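Please read the structure below before turning to the comments.
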Amino acid sequence: MLVGWISFRGEFLLYPRQEDLGRTLDQSCTSGTFARVADFRSAARRFEGKRVRVIGRLMKADAYFSDSTLGQRIENYCGSDTVLIATSVEPAPPQ
């Protein structure tokens, strides 16, 4: 489970700090996708720019890219060594 601020660009980008929203390719975020495309579309409508809790499987990016069976394909716009395959997203509890 990861908590942060979420943005969507064909994949989701999860940032630990709100002020980093929109940054890419500098490892300031974690790229991710959902196991089901319908979940991605629903989450994008409900949570863009909000603080959320994402539950799923964190895995090494190179392992993700070598397994074609894992969810919607992503580009890893965050440029981090790990990606997140989400099973659910929900509003984060207050800080």
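A short reminder: the numbers here are calculations on the coordinates, not readings from a lab. It should be emphasised that the depicted structure is a prediction, and the values quoted were computed from it without experimental measurement. Note that we place each Cβ from the backbone using ideal geometry, even for glycine, and neighbour counts take in every protein chain shown.
Can you put 69, 33 in order, fewest other beta carbons within 10 Å first?
Fewest-to-most ranking of 69, 33: 69, 33.
Okay, helix-only estimate at 222 nm for the chain: each DSSP H run of n ≥ 4 adds -39500 (n - 2.57), divide by all residues, round to 500 deg cm²/dmol; what do you get?
On the way: 2 runs with 17 residues, N = 95.
Result for the chain: -5000 deg cm²/dmol, rounded to the nearest 500.
With a ≥ b ≥ c taken as the square roots of the eigenvalues of the C-alpha gyration tensor of the chain, please select rounded if a/c is under 1.5 and otherwise prolate if a/b is larger than b/c or oblate if it is not? Could you put the intermediate results ahead of the total?
Details: a/c = 1.67, a/b = 1.24, b/c = 1.35.
Note, shape of the chain comes out oblate.
Dipole size in debye (nearest 20) for the stretch 2-91 around its Cα centre, Lys and Arg Cβ +1, Asp and Glu Cβ -1?
About 380 debye.
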